[in-house]
Amino acid sequence: MSVKECGHHDEEEERSALLRRVFGFIIAFIVLILFIIFLIWIILRPTKPTFMLQDATIFSFNLSSIPNTITITMQVTLLAHNPNKRIGIYYQKLDVYASYRSQQISLPTAIPATYQGHKDFTVWSPFLYASAVPVSPYTLSSLQQDQNGGVVLVNVKVNGRVKWKVGTWISGRYHLYVNCPAYIRFAGDRNGGIGVVAPAVKFQLLQTCSVDV
C-alpha cells in the first residue's frame with residue numbers, strides 16, 4: 001500500500017512541476033511580448049507636430065452695434081512640421097477658424113486631408129470668413145475697446161484628427177487641437193502691417209502655436 005501511495009505522490013509532484021514550468025513559460029512569454037511592445041513604443045514614440053502662424057492678411061474687419069455683429073475676411077498662412085524620423089502623419093478633417101476670447105467669430109474652413117512624411121513641412125493658406133456673425137454685447141464691447149486701443153488678439157484655431165503611420169501600420173485617429181495667437185494692430189499706419197492689395201493689410205507674425213494631441 002505504501003509503495004502505491006508513493007508512486008501516486010510522485011506522479012502528482014511531476015504534474016505540479018510540469019504545470020509550474022508551463023505557467024512560468026507563459027508568464028515569461030507575456031513579459032517578453034510586453035517588453036518588445038514597450039521597446040518599440042520607446043523607439044518609435046510619436047512626437048506631436050509643430051505649428052506656426054506665419055502671417056495673416058486682413059481684408060475686412062468691421063463691427064456693428066445694430067445688431068451686434070462682426071464681419072471679417074482674412075487669410076492666414078499656417079506651417080505644420082512633422083518632427084518624427086520614422087513616423088508619418090495623416091491629417092484628417094481639419095477645420096480652421098478664428099475666435100476671440102473663446103467665442104468663434106468666423107465660419108470653419110476645411111483643409112483637405114493631407115499626408116506628411118518624415119521630417120516634412122506643409123503649408124496651408126486658408127481664408128476665414130464671417131459675414132454679420134452675431135456676437136454678444138459683451139464680446140462686441142471688448143472688441144471695440146481693443147480695436148480703439150490699437151491691438152486685437154484673434155486666435156486662429158485648428159480642430160481635427162490625425163493618424164500615425166509606421167511602415168505599413170496606421171494607427172487609430174487622435175484628436176488634434178491647435179491654437180495660434182494673432183495680434184492684429186489697428187494703430188498708426190494701418191496697424192503697422194505690410195500693405196497689399198487695398199484695402200487689405202498683411203501682418204508678418206511668425207507666431208508659434210500650442211498643439212495638443
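Each reported figure results from applying straightforward, stated rules to the coordinates on display, with no laboratory input. Just so you know, these numbers come straight off a predicted model, no measurement behind them. Here the Cβ is made from the backbone with ideal geometry for all residues, glycine too, and neighbour counts use every protein chain on show.
Could you work out the pair-distance distribution P(r) of the range 89-167 from its alpha-carbon pairs, with 5 angstrom bin width and percents rounded to whole numbers?
In order of increasing distance, the bins hold 3, 13, 19, 19, 14, 11, 8, 7, 4, 1, 0 percent.
Determine by what factor the alpha-carbon radius of gyration of the chain differs from 2.2 N^0.38 Å, reporting the quotient.
Normalised by 2.2 N^0.38 Å, the Cα Rg of the chain equals 1.74.
If the only charges are +1 at each Lys and Arg Cβ and -1 at each Asp and Glu Cβ, what is the size of the charge dipole of the range 58-213 around the Cα centre, to the nearest 20 debye?
Dipole about the Cα centre, nearest 20: 600 debye.
Let me have the 222 nm mean residue ellipticity of the chain computed from DSSP H runs of 4+ only, each contributing -39500 (n - 2.57), with the sum over all residues rounded to the nearest 500.
Using -39500 (n - 2.57) per qualifying helix, the result is -9500 deg cm²/dmol.
How much net charge surrounds Y115 when only the other residues with a Cβ under 12 Å from the Cβ of Y115 are counted, with Lys and Arg +1 and Asp and Glu -1?
Residues near Y115 contribute +1 overall.
For the range 139-176, run through the trypsin sites (Lys or Arg not before Pro) and keep only the ones in DSSP coil with at most 16 other Cβ atoms within 10 Å of their Cβ.
R173
Would you mind telling me which residue in Y138, Y91, Y183 has the biggest mean-square fluctuation in a Gaussian network model of the chain, where springs connect alpha carbons within a distance under 10 angstrom?
Looking only at Y138, Y91, Y183, the biggest GNM fluctuation is shown by Y138.
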